[in-house]
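Structure first, commentary second.
The values are calculated or read from the model by the stated rules, or taken from the named source; none is laboratory data. All values reported here derive from a predicted model rather than from experimental measurement. Neighbour counts run over all protein chains shown; Cβ positions are idealised from the backbone, glycine included.
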Amino acid sequence: MSILIKKISCCFAVLSFFSISVHAEEMDHSQHGSNHDMSEHSGHDTAASSMHIHHEHGAGGFMFEYKFMRMNMKGLLNGTDSISSESISGALMNMNGPTRAGTSDYMMSPTKMTMDMHMFMMMYGIDDKISIMGMLHYLNNEMDMVMHMQMSNGMPIGDMFGSMDTSGMGDSRIDVMYQVNDELVTSLGWSIPTGSINEEITMRMNGTNLNTGGAMSTVNGPIQAPYAMQLGSGTYDLVPAVTYNKGLGAWNVGGQATYILRIGENDNNYTLGDQVEVTAWGTYSVNPSFTLSSRINILDWGKIDGQDPDINPMMAPTSDPDASGGTRVDLLLGVSGHSNKYHMLSAEIGIPIHQDLNGPQLETDVLYGISYQYIYSK
């Protein structure tokens with residue numbers, strides 16, 4: 001599936017470049033990284049993605065949008081198969097690095113993660129064909145970990161639990177949109193690496209020794225946070241996109257393809273994988289003030305290329321570049337309400353209907369989004 005998606009998206013990207021373009025506005029219908037990877041992150045990729053319907057406001061028109069998106073992850077997938085944390089964690093660690101105990105690959109395993117993104121966007125219509133847009137992001141990441149302690153012969157000692165969190169500004173974007181006709185918009189964006197790739201965490205793990213009944217605890221850090229907990233890509237990236245949108249009375253149908261092309265290597269010796277996102281939607285206007293929407297979103301992101309020398313790949317799957325990348329298909333339902341011609345409030349909820357991850361990786365559980373828009377047209 002991912003090869004076909006990439007071929008389709010590359011064709012759309014070529015159309016975008018030949019049409020002049022640059023990315024656009026966001027009339028809601030949102031999930032990344034990220035390399036999170038939100039993010040993609042993600043991404044983080046990230047990642048919950050944020051897919052947007054692009055349209056033109058005309059010369060002198062502008063729009064402000066605030067959007068909040070949350071992605072909850074729980075449990076582990078390797079490919080399409082669910083796996084347990086016990087099957088991958090429990091490797092031993094010494095001063096020279098980890099050694100394997102039994103079949104365990106990592107010292108620790110993630111159990112769940114919450115990724116929140118606050119997005120602030122402003123768009124302005126330069127003329128009736130071209131608009132320019134800027135976006136800022138603020139991220140909050142929280143991850144729970146488990147360490148299945150065992151002796152060198154593989155006998156269990158007990159489980160230790162801990163958590164980590166990072167927060168701060170994410171990468172920023174400057175985009176331009178070109179309105180080809182009433183139904184087709186092309187765009188090209190430039191992602192600016194304002195998000196940190198040097199976030200550090202302190203791991204405090206606590207548990208009970210099964211053999212003695214005594215308390216166990218350890219503190220490790222500060223250490224470089226795993227890739228999924230970093231706030232940015234560290235690279236300047238191109239983001240071509242093309243959008244088709246057609247009104248059919250009370251109905252509206254359309255589709256969009258976006259490609260994130262990573263350029264170069266960041267200062268920590270790695271590059272996040274390229275990302276393809278394709279979505280198709282349908283909306284129905286119940287009345288002039290209330291709209292229902294549904295969409296299918298396909299997200300495909302590549303593995304991390306390279307390795308941060310300060311991140312131990314044996315610490316956890318989230319620290320391993322080989323345990324990154326994959327494909328996810330989401331089904332999302334939304335509603336939006338309009339208050340006069342200037343204000344719109346939208347909400348969306350989605351669940352994955354297919355996930356195929358280069359695991360072990362955390363499995364996405366549910367996606368939420370809510371946004372407010374102020375729209376002004378001359």
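Report yes if Ser49 is in contact with a strand residue (DSSP E or B) (Cβ under 7 Å, 6 or more places away or on another chain), more than 20 Å from Ile126 (Cβ to Cβ), at pLDDT 50 or above and of a type in the set (S, T, N, Q), otherwise no. No, not satisfied. If only residues of the stretch 271-328 that are touching a helix residue (DSSP H, G or I) at 6+ places or on another chain (Cβ under 7 Å) and β-branched (Val, Ile, Thr) are counted, the one that is nearest to Val242 (Cα to Cα) is Val278. The number of residues in the stretch 184-208 being under 25 Å from the mean Cα position of the chain (by Cα), assigned to a strand (DSSP E or B) and hydroxyl-bearing (Ser, Thr, Tyr) comes to 4. Residues in the stretch 248-275 that are β-branched (Val, Ile, Thr) and closer than 30 Å to Asn312 by Cβ were compared, and the one that is surrounded by the most Cβ atoms within 10 Å (Cβ to Cβ) is Ile260. Between Ile304, Ile375, Ile296, the distinction of being in contact with a Phe, Trp or Tyr (Cβ under 9 Å, 6 or more places away or on another chain), modelled with pLDDT under 95 and of a type in the set (A, V, I, L, M, F, W, C) belongs to Ile375 only. Assess whether Met93 counts as being of a type outside the set (Asp, Glu), in a strand (DSSP E or B) and at pLDDT below 95. The answer is yes for Met93.
Being in contact with a strand residue (DSSP E or B) (Cβ under 9 Å, 6 or more places away or on another chain) and surrounded by 22 or more Cβ atoms within 10 Å (Cβ to Cβ): is that true of Thr202 here? Judged against the criteria, Thr202 is not a match.
Here's the yes/no breakdown for (1) under 30 Å from Gly255 (Cα atoms); (2) modelled with pLDDT under 95; (3) outside any strand (DSSP E or B):
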{"site": "Tyr138", "(1), (2), (3)": "yes, no, no"}
{"site": "Met143", "(1), (2), (3)": "no, no, no"}
{"site": "His148", "(1), (2), (3)": "no, yes, no"}
{"site": "Gly154", "(1), (2), (3)": "no, yes, yes"}
{"site": "Ile157", "(1), (2), (3)": "no, yes, no"}
{"site": "Thr166", "(1), (2), (3)": "no, no, no"}
{"site": "Ile174", "(1), (2), (3)": "yes, no, no"}
{"site": "Asp182", "(1), (2), (3)": "yes, yes, yes"}
{"site": "Leu210", "(1), (2), (3)": "no, yes, yes"}
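Criterion first (of a type in the set (A, V, I, L, M), surrounded by fewer than 16 Cβ atoms within 10 Å (Cβ to Cβ) and in a strand (DSSP E or B)) does Met122 satisfy it? So Met122 passes the test.
Filtering the stretch 167-188 for residues that are more than 29 Å from Gln373 (Cβ to Cβ), crowded, with 21+ Cβ neighbours inside 10 Å and not hydroxyl-bearing (Ser, Thr, Tyr) leaves an empty set. The set of residues from the stretch 234-263 being under 15 Å from Asp171 (Cβ atoms) and hydrophobic (A, V, I, L, M, F, W, C) comprises Leu238, Val239, Ile260, Leu261, Ile263. Every residue in the stretch 225-240 that is crowded, with 20+ Cβ neighbours inside 10 Å, out of contact with any helix residue (DSSP H, G or I) (no Cβ under 6 Å at 6 or more places or on another chain) and over 15 Å from Ser196 (Cβ atoms), please. Hits for the stretch 225-240 are Asp237, Val239.
Taking the criterion of being crowded, with 16+ Cβ neighbours inside 10 Å, within 19 Å of Gly359 (Cβ to Cβ) and either at pLDDT below 50 or hydrophobic (A, V, I, L, M, F, W, C) (or both), the residues of the stretch 99-115 that qualify are Met107, Met108, Met113, Met115. Selection of first residues in the stretch 164-177 that are closer than 24 Å to Lys112 by Cβ and hydroxyl-bearing (Ser, Thr, Tyr) and of second residues that are at pLDDT 95 or above and part of a loop (DSSP other than H, G, I, E, B), restricted to Cβ pairs under 7 Å at least 6 apart or on distinct chains, gives the following pairs, ordered by first then second residue: Thr166/Glu199; Thr166/Ala225; Thr166/Leu231.
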